[in-house]
Amino acid sequence: MAVQGAGRFAPSPSGQLHLGNLRTAVLAWLFARSTGRRFLIRIEDLDRVRAGAEGEQLAELAALGIASDSPVIRQSEQSGRYEQALGRLLDHGLVYECFCTRRDVSDAASAPHGRPGFYPGTCRELSEGERARRRLERRPALRLRSAVDSWSVEDLLAGPFTAPVDDFVLRRNDGVIAYNLAVVLDDAAQGIDQVVRGADLLDSAPRQAYLATLLGLPVPAYAHVPLAVTAEGRRLAKRNGAVTLEDLAELGRTPAEVLDVILASLGLPGGPLGSALTAFDPAGLPRKPWIVDPAALFSTSAVPACKPSAPTDKVFP
Ligand code: GLU
């Protein structure tokens with residue numbers, strides 16, 4: 001049987017979803033459904049977990065009409081798979097131990113020939129003796145022995161996109177599998193061939209595509225969608241006012257009204273979500289961040305007090 005493919009939304013359960021997260025989820029659902037794909041939700045709980053947030057997020061998504069076609073998986077339950085893949089990379093000589101502290105890495109990046117955010121390979125060629133000595137002092141992180149400096153992907157919204165690829169971390173020194181490895185393995189294991197997520201992750205896509213290629217896994221289609229920002233151009237956060245479904249419910253706003261505001265911000269007719277499908281056209285989507293003024297958002301009419309902003313390099317690299 002032909003594989004149908006799938007899209008996904010993969011929140012980190014760190015708190016309630018805000019309007020920007022909800023809009024990204026709506027877009028991921030629309031992209032998947034409009035291309036005949038299944039839609040999955042995955043909980044990325046290797047890091048940044050707040051007790052209770054997972055249930056809240058799933059309820060918030062459900063309130064907008066977004067549910068997973070397969071049981072929701074949690075990254076914290078996949079460690080066997082992650083370690084297995086790490087073992088395969090190790091066997092191919094593609095992993096090395098790194099003893100650098102955060103401080104070592106940032107000092108190296110700010111040194112005369114350093115590149116900000118780019119690991120310069122300090123621990124790449126340590127001898128076995130040196131590694132044995134260093135292990136007594138600090139538990140190592142595991143890094144990818146990358147054979148490239150950069151990698152390119154094709155993004156459905158941003159077009160061809162190239163970013164640096166360094167020897168990025170695969171397993172942190174506290175033993176936690178790094179996001180870049182987990183996301184690549186999970187997307188492949190779940191048959192996800194379309195990744196729609198916030199534009200803040202566009203920079204990570206080349207690293208992930210390179211890693212997938214090394215592991216012999218297919219590279220998904222990418223669409224990095226504009227973030228929601230405040231009037232000052234900062235990424236939307238809970239402290240910016242009434243930006244979650246719960247906050248808005250306290251102001252008497254129903255999830256259906258919130259969905260309408262999100263759809264209107266995308267130039268789409270009001271909900272339910274399924275009825276926006278026929279009008280959905282990725283080519284017509286706003287390419288600029290969504291400016292959200294929570295105080296004004298629902299104040300006068302169903303027309304949102306938000307508009308595409310001037311581009312800001314903070315949110316769309
Ligand atoms: N868990 C990530 C986040 O909530 C998203 C990762 C992804 O979509 O690849 O920011």
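For residue 125 and residue 150, a Förster radius of 30 Å and the Cβ-Cβ distance give a FRET efficiency of 0.90, rounded to the nearest 0.05. For the Cα trace of the chain, dividing Rg by the Kirkwood Rh returns an Rg/Rh value of 0.99. So for the chain, taking the charge dipole from beta-carbon charges (+1 Lys/Arg, -1 Asp/Glu), which of 4, 86, 220 sits furthest toward the positive end? My answer, from the dipole projection, is 86. The charge dipole of the stretch 197-270, taken about its Cα centre with unit charges on the Cβ of Lys, Arg, Asp and Glu (plus for the first two, minus for the last two), comes to roughly 280 debye. Exposed loop sites, defined as GluC sites (Glu not before Pro) outside DSSP H, G, I, E and B with at most 14 other Cβ atoms within 10 Å, are absent from the longest region of the chain, namely 1-124.
Distances between placed amide hydrogens fall under 5 Å for residue 271 paired with 260, all partners being 5 or more residues away or on another chain.
Here is how the number arises for the chain: DSSP H runs of 4 or more residues each give -39500 (n - 2.57), the sum is divided by the residue count, and the result at 222 nm is -9000 deg cm²/dmol. When the alpha-carbon atoms of the stretch 92-187 are used, the pair Rg, Dmax equals 14.9, 49 angstrom.
Whole-Hz Karplus values for the stretch 146-156 come out as 6, 9, 10, 9, 8, 8, 10, 10, 10, 10, 4 Hz, taken residue by residue from phi with 6.51 cos²θ - 1.76 cosθ + 1.60 and θ = phi - 60°; glycine and proline positions read x. Solvent-accessible area assigned to carbon and sulfur over the chain amounts to 54 percent, based on a 1.4 Å probe. About its Cα centre, the dipole of the stretch 118-183 is roughly 540 debye, where the only charges are +1 on Lys and Arg Cβ and -1 on Asp and Glu Cβ. Largest first, the extents of the alpha carbon coordinates of the stretch 120-270 on the three principal axes equal 65, 34, 32 Å. Heavy atoms of the protein chains alone define the surface here; on that basis the stretch 1-155 has 51 Å² accessible area per residue at 1.4 Å probe size. Computed 3J(HN,Hα) for the stretch 94-100, one whole-Hz value per residue from the Karplus formula 6.51 cos²θ - 1.76 cosθ + 1.60 where θ = phi - 60°, is 9, 10, 9, 7, 10, 9, 5, glycine and proline marked x.
This model, with +1 at the C-beta of Lys and Arg and -1 at the C-beta of Asp and Glu, gives the chain a dipole about its Cα centre of some 400 debye.
The values are calculated or read from the model by the stated rules, or taken from the named source; none is laboratory data. Keep in mind that this is a model prediction, so the values were computed, not measured. Cβ atoms come from the backbone with ideal geometry, glycine included; neighbour counts cover every protein chain shown. Quick note on the areas: whole protein, heavy atoms, side chains included, nothing else; ligands and nucleic acids left out. Shrake-Rupley method; radii C 1.70, N 1.55, O 1.52, S 1.80 Å.
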